[in-house]
Every structure is written in structure tokens, then in C-alpha cells.
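The values are calculated or read from the model by the stated rules, or taken from the named source; none is laboratory data. These numbers were taken from a predicted model, which means no experiment stands behind them. Backbone-built Cβ (ideal geometry, glycine too); neighbour counts: all protein chains shown. Surface accessibility is based on the protein's heavy atoms, side chains included, excluding ligands, DNA and RNA. Shrake-Rupley method; radii C 1.70, N 1.55, O 1.52, S 1.80 Å.
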Amino acid sequence: MTRILLLGGTTEASSLARKLAAKGLDAVFSYAGRTDDPVQQPLPTRIGGFGGISGLADYLRFENISHLIDATHPFAAGMSRNAIAAAELANIPLCALERAPWTANEADAWTHVANIPAAVSALPEEPTRIFLAIGRQNLAPFAAKPWHQYLLRFVDPPICPVPLAGAEHVIARGPFTEADDLKLLKTRRIKLIVAKNSGGSGARAKLDAARVLGLPVIMIDRPAMPTRLVVHDVAAVLAWIGHSDVLGV
Ligand code: 3Y8
Ligand code: NAP
């Protein structure tokens, strides 16, 4: 009997959730509970951590999950690593739905760095107006270079002080549009963007706007992930769970 746990929190996860619901499949959608008011899903939804690897393995067993799908974000490394270990413990098949990294073209001025500390090191020495488009959770290392004027973008209003004195912030939930991000970069006089190589369409607008304005981008590579089955579209996930129709998906 097919019963799916879908680890979500991305555009692709929401798209897959709509397909699973449309097919009437028995599936549970899972959010970490990072945001105040996550997008409603067309599936029964649970919110919050599982309690590490063992907590997730117990959940898989007690909920009689037959298929685990990791459609979390490429930078949600902790969750993805736990999913691999828990699926093995509970002897449940795991499939990761992951979008391809973004790649630069000749019109882009990207500097690739391996991680957050390397992004801090790559910042210019002279004071610069920087759009730090990496969310809320990894800001503290940038306090090492307080002479920059940082612009931050949060999903929810910050409830505790931001670890970057003097930073400006905007509250917005993606997916974002190129027109909106062009306006943001122009009105805030941004001269450099720091971004995570998240891939997908929902966070891409700032890169397209940077290309139009000829702005440099420091692009943070995604963390390496242990070997697991990875697919790149909803159709492949449906085929994996044995529910793709001959005429469509
Ligand atoms: C809680 C669920 C959907 C999913 C939409 C995608 C697109 C819009 C763009 C910028 C970059 C950033 C951030 C971002 C985007 C989508 C997608 C994506 C980037 C929500 C969501 C949850 C989160 C968590 C949140 C993080 C933060 C990261 C903001 C919902 C809206 C920067 C990642 O305040 C916090 O604690 C925020 C934490 C993890 C990264 C960070 O470290 O701060 N996403 N984002 C999920 C959960 O609880 O399980 O609220 O509806 C989902 C989306 N955010 O269904 O339409 O698919 O990537 N999310 C990044 O890519 O760099 C914004 O500003 O340009
Ligand atoms: P993370 O650092 O990889 O995970 C930390 C812990 O959060 C996990 O060990 C787990 O707690 C819990 N968790 C994470 N995702 C979960 C989910 N979908 N359902 C239930 N628990 C979850 O996670 P993160 O990077 O903060 O991402 C959190 C959520 O935001 C995920 O849904 C992710 O898809 C989404 N998101 C993240 C980013 C990003 O840049 N990181 C961008 C867009 C969306 P336990 O150990 O207690 O089980």
C-alpha cells in the first residue's frame, strides 16, 4: 500500500504535492516550521522537526510510510542527510527531488565560493552596498565585515535582533519577479549580490536583474550530499512510486 512522506519547503515540493493530491495518493506533506505562515498544501500537513535521525525513522515506521521523498532545498543539508540515514534504518526507499544548480552565461559576473565563510572572505575591502539574499539563518559570519551596508530579505519580520548592526531589510516571500528585483536593486543602490546556488525558478529573479544591471554576484555552492537516488522533475518521482500514467504524469 503506497503511503508517502514528502519533505517539502520548496517550489518543486509544492508542485509535486499538487500532483500527488490530484492522483488521490496517500501522502503527508512536511514543513520544518521555519516560517510563521507557510503556503497551504493540498495534502495533510505536519509541521516541525522529527527529532533527528531516530525520530524520523520512528515516524516512518509508526506511520507505515512506504516511500520517502526529499523535496527539500539543496541547502537543507541536515534534513537531507537525516533522510538518507532514517530511510536506511527504517528500510524505506528514498528519492530526492532536486533542481539543477544555476549556471552563469557570458553576461554574468559571478564569483563561485564553496560556503558561507568563503563568501565573507570574497567580499570587497571597500565599503559596498550588498544584497545578502541568503535568508536569515546564516547572517552572523558577515558581521566580520561591518563596514558594508547590507540589505537583507526575510520571509517573516525578525523577532530577535539581526546579527548585522545597521543592516536594512525587506520582508517578502518568493517566488520573486525580475521586475520587482530590478526595482529593489536600483532603489537600494545595490552594487553586489551574495546568493546561494539554490537553483529553481523561485529565487532566480535577482540573478536576472543583476545581469541586466551588470552587477557582480558571489555565488555560494551547495553543500555536498551523500549518494542517494536523485531525480529532477515531478514526472520522474511519479514514475519512481509507480504512478505515472502512460498518457501523462
Ligand atoms: C519554510 C515555506 C513554495 C516554496 C517557495 C524555492 C523558492 C520562494 C526563494 C531571496 C532568496 C531563501 C529562503 C527562499 C526562496 C522559495 C520557496 C524559497 C530564498 C519558504 C518556506 C519556508 C522557507 C524557509 C526559508 C529559510 C531561508 C530560505 C528565504 C513557506 C518561503 C533565502 C533560500 O526565516 C527563516 O528562518 C527562513 C529560513 C530556510 C534560508 C535561510 O537560511 O534563512 N527559505 N522558505 C519551510 C519549512 O518550514 O519547512 O513559508 O511557504 C519556501 C520558499 N522559499 O512552496 O512556493 O523553492 O527555493 N527561501 C535561498 O534560496 O537562498 C530567498 O531572498 O532572493
Ligand atoms: P536543515 O538545516 O537542513 O534542517 C535542520 C532541521 O530542521 C532538520 O534536522 C529537521 O529537524 C528540521 N527540518 C528541516 N526541514 C524539514 C521538513 N521539511 N520537515 C520537517 N522537519 C524539517 O533545514 P533548513 O535549511 O533550515 O530548511 C528548513 C526548511 O526550509 C525545509 O523545508 C527546506 O526545504 C526549506 N527551505 C530551506 C532553504 C534553505 O536555504 N536552507 C531554502 C528554501 C526552503 P529534526 O532533526 O528535528 O528532524
Checklist entry - Among 45, 11, 187, which one moves the most in a GNM of the chain with springs linking Cα atoms closer than 10 Å? => result 187
Next on the checklist: Assuming 0.36 nm per residue, please report the length gained on full extension of the stretch residue 36 to residue 232 beyond their Cα-Cα distance.
Outcome noted: 67.7 nm
Next on the checklist: If you count only protein heavy atoms with a 1.4 Å probe, what accessible area per residue comes out for the stretch 156-218, rounded to a whole Å²?
Outcome noted: 50
Checklist entry - Over the Cα atoms of the stretch 55-175, how large are the radius of gyration and the largest Cα-Cα distance (Dmax), in Å? => result 18.9, 57
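Where does the stretch 48-104 land on the Kirkwood hydrodynamic radius, alpha-carbon pairs, in angstrom?
Values: mean 1/r = 0.0846 Å⁻¹.
Taking the inverse mean of 1/r over all distinct Cα pairs, the stretch 48-104 comes out at 11.8 Å.
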Checklist outcome for this item: For residue 147, the net charge from surrounding residues (Cβ-Cβ under 14 Å; K, R +1; D, E -1) works out to +1
Checklist outcome for this item: Taking the square root of 5λ for each eigenvalue of the C-alpha gyration tensor of the stretch 87-132, the equivalent ellipsoid has semi-axes, largest first and in whole angstrom, of 36, 17, 8
Item to check | Formal net charge of residues neighbouring residue 222 (Cβ-Cβ distance under 11 Å; K, R +1; D, E -1) | outcome: 0
Next on the checklist: I want to verify the translational diffusion coefficient of the stretch 158-249 in µm²/s; compute it with Stokes-Einstein, Rh as the Kirkwood radius over Cα pairs, at 20 °C and 1.002 mPa s.
Outcome noted: 129
Checklist outcome for this item: Here, the stretch 32-78 modelled as identical Cα point scatterers in vacuum has Debye log10 I(q)/I(0) at q = 0.16, 0.23 Å⁻¹ of -0.55, -1.15
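Please state, rounded to one decimal and in Å, the Kirkwood hydrodynamic radius that the chain gives when every pair of distinct Cα atoms enters the mean of 1/r.
Answer for the chain: a Kirkwood hydrodynamic radius of 19.5 Å.
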Checklist entry - Given the convex hull of the Cα atoms of the stretch 1-116, what is a quarter of its surface area in nm²? => result 9.1
Checklist outcome for this item: A correct Stokes-Einstein calculation for the stretch 1-68, using the alpha-carbon Kirkwood radius, 25 °C and 0.890 mPa s, returns a whole-number D in µm² s⁻¹ of 199
Checklist entry - Which percent, to the nearest 5, of DSSP beta bridges fully inside the chain are antiparallel? => result 0
Checklist entry - Ratio of the stretch 188-238's C-alpha Rg to 2.2 N^0.38 Å, to two decimals? => result 1.51
Item to check | Residues of the stretch 94-136 with amide N under 11 Å of a point placed 7 Å along Cα→Cβ from residue 2 | outcome: none
Checklist outcome for this item: Mean 1/r over distinct Cα pairs of the stretch 110-181, inverted to a Kirkwood Rh in Å, yields 13.2
Next on the checklist: If packing is taken as the average number of other Cβ atoms within 10 Å across a peptide's residues, how do 16-22, 30-36, 222-228, 193-199 rank, most packed first?
Outcome noted: 193-199, 16-22, 30-36, 222-228
Checklist entry - Rounded to a whole number, what % of the accessible area of the stretch 44-83 do carbon and sulfur atoms account for, probe 1.4 Å? => result 55
Checklist entry - At a Förster distance of 35 Å, what's the computed FRET efficiency of residue 26 paired with residue 156, Cβ-Cβ distance as r, to 0.05? => result 0.65
Checklist entry - How would 25, 132 rank on accessible area, largest to smallest, probe 1.4 Å? => result 25, 132
Checklist outcome for this item: Per residue, accessible area of the stretch 60-138 with a 1.4 Å probe, heavy atoms of protein chains only, in Å², comes to 47
Checklist entry - Given labels modelled 7 Å from the Cα in the Cβ direction, how far is it in nm from residue 15 to residue 106? => result 2.9
